[in-house]
Every structure is written in C-alpha cells, then in structure tokens.
1. L95 - would you say it is modelled with pLDDT of 95 or more, outside the structural domain of V34 (by TED's automatic domain parsing) and over 17 Å from K66 (Cα atoms)?
2. Got a sec? Which of V12, V83 is among the aliphatic types (A, V, I, L, M) and modelled with pLDDT under 90?
3. Can you confirm whether the stretch 126-138 contains a residue that is out of contact with any Lys or Arg (no Cβ under 6 Å at 6 or more places or on another chain), surrounded by 21 or more Cβ atoms within 10 Å (Cβ to Cβ) and not assigned by TED's automatic domain parsing to the domain that holds E218?
4. Right, I249: among the aliphatic types (A, V, I, L, M) and either part of a loop (DSSP other than H, G, I, E, B) or not assigned by TED's automatic domain parsing to the domain that holds C281 (or both) or not?
5. I'm checking my understanding of the structure. Among residues of the stretch 202-234 that are among the hydroxyl-bearing types (S, T, Y), in contact (Cβ under 8 Å) with a residue 40 or more places away in the chain and not in a strand (DSSP E or B), which one is surrounded by the most Cβ atoms within 10 Å (Cβ to Cβ)?
6. Return the total of residues in the stretch 160-183 being small (G, A, S) and more than 16 Å from C281 (Cβ to Cβ).
7. What do you reckon, is R231 farther than 27 Å from Y155 by Cβ, out of contact with any strand residue (DSSP E or B) (no Cβ under 8 Å at 6 or more places or on another chain) and of a type in the set (K, R)?
8. Enumerate the helices (runs of 4 or more DSSP H) found wholly within the stretch 21-113, keeping only those where 3 or more residues are at negative phi and in contact with a strand residue (DSSP E or B) (Cβ under 9 Å, 6 or more places away or on another chain).
Amino acid sequence: MEFTHLDDNGAVRMVDVSGKPPTRRQAQASGWIVMQPATIALLSRDALPKGNVLAAAKIAAIQAAKRTAELIPLCHQLNLSWVDLEFETLGDRILISATVRTRESTGVEMEALTAVSVAALTIYDMCKAVDKTMEIGGIKLDRKSGGKQQGSAQYRPKSSILVMSDSISSGAGKDRSGAILRDGLEAAGCNVEHFAVVADEPAEISSMIEGWVREGIELIVTSGGTGLGPRDLTIETLEPKFTRRLPGIEQALFQWGQGKIRTAMLSRLAAGTIDSTLVICLPGSPGAASDGLEVLVPGIFHAFAMLRGEGHGA
C-alpha cells in the first residue's frame, strides 16, 4: 500500500491515489503465536476463562482491518469487500492467516497485516491468565494482487505517437500531451519508435498512420483532433481504416474521463485495430493524455499476446 511520501522539504505527506482507477485488489498476510501445549489443549476444548478464543480473535481482526486507517497515520481509508481469517492449531502454536479484498485505487496490504496482528493480540489477551510464556512473531505479507501488478503482461509493443494540431505543427503552440504519452509509455517499458506532429489534415494523418502500420508498429497512440471543431478530423480519418473496433477500451476511457471532468462526454475518442496494429485516439489535452495512460497501462499490453493468437492468459 502506498500511504506515505517525503516531499521536497522532508515532511511526511499522504500519497495522492486519486489518479488511479479502482481495481480488484487482494492481500494475504500471516503470523503465529507460540504458547504452552497445555494452553493449546484448553483453547481447543473452549475451556479458557474468557470463552471461545478463536471466534473472538476473528471478530477482532475483521474489525481491525476495517479501521486500519484510524490506526496507521496517512493510511488511506478503504471500503473493504471481504475479510477472512483462518487459524491452524499445532502442538505449541497457532498459525494465523488473513485475506482482505477491495475494489479501490490502492492496495490492502496494511489491512491484512493489521488483521493478523490484532488476531494474535486478541489470542494473547484471552490466554494470558493461564500462560505467561506466549510469544507473537512471523507477521508478514505473503502475497498481493491487483493494481499495476494485475495483468502486467511482460511483452511491450513497438510504439509510436502522433500529435495532430495545426498550431503545434506550425510552431505557434507547444506540445505537452504527446510528451506525456511518450514519457508514460517509455516508463512502462515501451520502445517509442516514432514521435511526430502533423497538422489536422486527413491526408497527412493517413500517410503517417499507414506508413507506421506497414512498418510493423504495434501500438499507435494519437493525440488531438477528437473534439467538435471543424478541424477535428482524426476520428473521421481513422475510423474507416479500422478492421476491428475495440469498444471496451473506448468505454473505459470515456468512463474514467467523465469521472473527472463533465465535458469529457463531448470527446470522440476511438480505439481499434488496423490489421495487427492497435490504434488508440485520445483527446489532445494534457489531462486526457495522463488519464489515458492511467487507464491503459499496463492492461493494454495483454492485447498483443491476443493479436498474436496466444490467448487471454499469455
């Protein structure tokens, strides 16, 4: 879980995760509490003075997981979908494992670790009257899934970026969106083979895209020309070239954009394939470029295994 960061002055501050799309996330943690075999025997028979130890420990752990943000400074408050505890009783110890799930913008590692810790403390509290030798230890994160680790295919496509803008191509404006896309794809491990700026002219756009497709570029991301202005011609130019539309990508981009700014509904972004090249047309604003990267990376990389016929799980 990302919950703290040092700013330029060395002060601790909370990490902003508002730019991350919610995904299904899970974490599993474990630990143990050692005690005398006689205490284990009493616990197994529900013969301890305070009653059913493991039932109380499970309830306490679930409550603690849900209140982790109140216990750990700067930890994000999350809506947990599911918390479960399992106990295994051995000769001289109880093994504790916790599983926590959510659909949020950051992970639940701390919630799982907190659940194990509080379960162990509750067992300690309920057994301390008969056992002064107990020891808690081994608390660790066993595994986590979701977020960027979820579906992070290893393959990275040969990529190119095309910016469509009359003002930028003429030198009257400065590109920001294309630079964001290039930096984001390179940070994700992609080799950006080409970066070009053209005017909002269908012939120039078509020539550039067709040349990259013939060259074998696998991912083309365009920026600009998706609005309602008379010179916004990207969609009209490229849609007829699509051999397949990819409405799922379009819907994900629309939904994420509208969650941030209402005027995103006026955009005409598009996604599809031209032969074996994946083409994604984004609006020309820097915010749209950043949002596009948040939605697309890394999940979009699975598309290339599928395009090569390697199936969904490659």
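1. Details: modelled with pLDDT of 95 or more: yes; outside the structural domain of V34 (by TED's automatic domain parsing): no; over 17 Å from K66 (Cα atoms): yes.
Criteria not met by L95.
2. Working: V83 fails: modelled with pLDDT under 90.
Result of the check over V12, V83: V12.
3. To start, the set of residues in the stretch 126-138 that are out of contact with any Lys or Arg (no Cβ under 6 Å at 6 or more places or on another chain) comprises 127-138.
The next check asks that each one be surrounded by 21 or more Cβ atoms within 10 Å (Cβ to Cβ); those that pass are 127.
From the residues that got through so far, the ones that are not assigned by TED's automatic domain parsing to the domain that holds E218 too are 127.
Yes, there is a match, as at least one residue in the stretch 126-138 is out of contact with any Lys or Arg (no Cβ under 6 Å at 6 or more places or on another chain), surrounded by 21 or more Cβ atoms within 10 Å (Cβ to Cβ) and not assigned by TED's automatic domain parsing to the domain that holds E218.
4. Working: among the aliphatic types (A, V, I, L, M): yes; either part of a loop (DSSP other than H, G, I, E, B) or not assigned by TED's automatic domain parsing to the domain that holds C281 (or both): no.
Spelling it out, it is not the case that I249 is among the aliphatic types (A, V, I, L, M) and either part of a loop (DSSP other than H, G, I, E, B) or not assigned by TED's automatic domain parsing to the domain that holds C281 (or both).
5. To start, the set of residues in the stretch 202-234 that are among the hydroxyl-bearing types (S, T, Y) comprises 206-207, 222-223, 226, 234.
Keeping just the survivors that are in contact (Cβ under 8 Å) with a residue 40 or more places away in the chain gives 222-223, 226, 234.
Those left that are additionally not in a strand (DSSP E or B): 226, 234.
On the way: T226: 23, T234: 27.
The residue in question is T234.
6. To start, the set of residues in the stretch 160-183 that are small (G, A, S) comprises 160, 165, 167, 169-173, 177-179.
Restricting the remaining residues to those that are more than 16 Å from C281 (Cβ to Cβ) gives 167, 169-173, 179.
Final tally of qualifying residues: 7.
7. yes
8. Numbers: elements: 37-44, 53-66, 68-71.
Where helices (runs of 4 or more DSSP H) fall fully within the stretch 21-113 and carry at least 3 residues being at negative phi and in contact with a strand residue (DSSP E or B) (Cβ under 9 Å, 6 or more places away or on another chain), they are 37-44, 53-66.
The values are calculated or read from the model by the stated rules, or taken from the named source; none is laboratory data. None of the values given here were measured: they were computed from a predicted structure. A quick note on method: Cβ atoms are made from the backbone with ideal geometry, for glycine too, and the neighbour counts reach across all protein chains shown.
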